[in-house]
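Structure first, commentary second.
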Amino acid sequence: MAKYVSKDLAELRQRLDAIDEKLIRALAEREAISQEVARYKLGGKHALRDRAREEEILTALVDRAKMAGLDATFVTRLYREIFDHSIRLQQDMLTHGGTLRDNSQRPLVVAFQGSEGSYTHIAAMRHFGVRGDSVAFEGYATVDDVVEAVDTGAAECAVLALENTIAGSFSDTYAVLEDRDLKIVGEEIQRLEHCLVALDDIPLTRVRRIYSQSPAFEHCKRFLRSLNHISLEAYPDTALAAQRVRHDNDLSQAAIASDQAAKLHGLCVLKRDISDVSELYTRMIIVSPHAIQVDAGIPCKTSLIFATQHTQGALSQCLAVLAAHDCNLTKIRSRPRPDTPWHYMFYVEFEGNMAFSGVQAAIDAMTVTLAAELAGCGVTVNAVDPGAT
């Protein structure tokens, strides 16, 4: 028997549809203005992001939201997303000389490790989302497979996990940076919001087996200890774990995965944010065979991989060179040098663009004066601040 829908309800829905149409048009108009702002900022005329102005706008919007009877938290979260999207759009345009990618061109193919709905895939979509339909994403099983896709031209760039706030560095990615002639051309800070997902909204006591990636189990140890009589089974990535739950069609099974993976596979979220820490992030890098020119208005970093002479004070001299050229060091990491026991490669990041004379002078000094062996370098476009996502 068909449900009766009153004319009043139908009219209300029509009014909501009309409001949604206005919202879409307003967002499109806002994006067009953001593009004009990006063109105005070309050549470093103004900083890419003005935090003080954003906070001033948010304060005014929250005050107006309260007067209108709206939830201030909701409005803040909504506008932070809008601001972040605008910054991504402007950053992409500034990187490409103030223009958007031509959608008539061959789509930009981005390789990532994992499957659709994995955190790496989510990070890739966030980073390249402003390009719309001009981007295609391809998932691969391993880091080596991802890099092979870039090497063969099957993909123009790749997204790789570099470090996690709990697990630390991803050795496979560092090995790729050392062994392959790839440039770091961007980064994305992806928050991991682990959820327990299942076929239906069942009590947690019914769950007997949980699938997920091994690191996810480590991230959620406290929550997992609260469950009784469960077994854990590792999967290559969290999204594949969610897919397994859907495929088996077994109410006693669950997976630890993202909310997006749950939606993709038609699963129900039993519990959200189950990781041991609330601020759980993975830093992803975007690599390409080709370096990019970064507009002076975009804050960026330069990444170097090098080995020094095996002499006393060699590393400290290299770091002193960076300091002497006002290069603010943001990261340093050592790794064993292959086939040379107890000798090390060093990975450093510092603020600045290789196109700037001071940065290039610092690199020249390291390679010539100190005879440091440079294995790789590249400009890294800073990610959107994770605190704003």
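Read-outs throughout are calculated quantities, based only on the coordinates presented, and are distinct from any laboratory measurement. None of the values given here were measured: they were computed from a predicted structure. Reconstructed Cβ throughout: ideal geometry from the backbone, glycine too, with neighbour counts over all protein chains shown.
General remarks:
- Helix 72-95 axis, angle to the chain major axis (alpha carbon atoms, nearest 10°): 40 degrees
- Highest-fluctuation residue, I286, I363, I19 considered, GNM on the chain with Cα pairs under 10 Å: I19
- Among S278, T330, H85 - extreme Cα towards positive end, dipole of the chain, charges at beta-carbon: S278
- A dipole drawn for the chain from +1 and -1 charges on Cβ atoms has a positive end, and of I298, T73, G313 the residue lying farthest that way is T73.
- Selected from A68, A254, A167 as most flexible by GNM, with the chain as the system and alpha-carbon contacts under 10 Å: A68
- Segment 205-251 - charge dipole about Cα centre, Lys and Arg +1 at Cβ, Asp and Glu -1, debye rounded to 20: 240 debye
- Residues Q293 and R64, FRET efficiency given R0 of 56 Å [Cβ-Cβ distance, rounded to 0.05]: 0.85
- About its Cα centre, the dipole of the chain is roughly 940 debye, where the only charges are +1 on Lys and Arg Cβ and -1 on Asp and Glu Cβ.
- Violating pairs (Cα-Cα greater than 22 angstrom) within the set K22/K263; K221/K271; K301/K331; K66/K271; K66/K263: K22/K263; K66/K271; K66/K263
- Net charge dipole size for segment 243-305 [Lys, Arg +1 and Asp, Glu -1 on Cβ; Debye, nearest 20]: 100 debye
- Computed extension gain for C268 through L12, at 0.36 nm per residue and net of the alpha carbon distance, reaches 89.2 nm.
- Plainly put, the chain has a radius of gyration that is 1.01 times its Kirkwood radius, both from alpha-carbon atoms, as the Rg/Rh ratio.
- Helix axis angle, 7-40 relative to the chain longest principal axis, alpha carbon, degrees: 10 degrees
- Two-site label geometry, A154 and R225: point separation in nm, points 7 Å out along Cα→Cβ: 4.3 nm
- Think of the chain as a dipole: +1 on every Lys or Arg Cβ, -1 on every Asp or Glu Cβ, centred on the Cα centre; then among L264, L227, N164, L227 lies furthest on the positive end.
- Mean Cβ neighbour count within 10 Å, used as a protection proxy, ranking 12-18, 119-125, 223-229, 189-195 highest first: 119-125, 189-195, 223-229, 12-18
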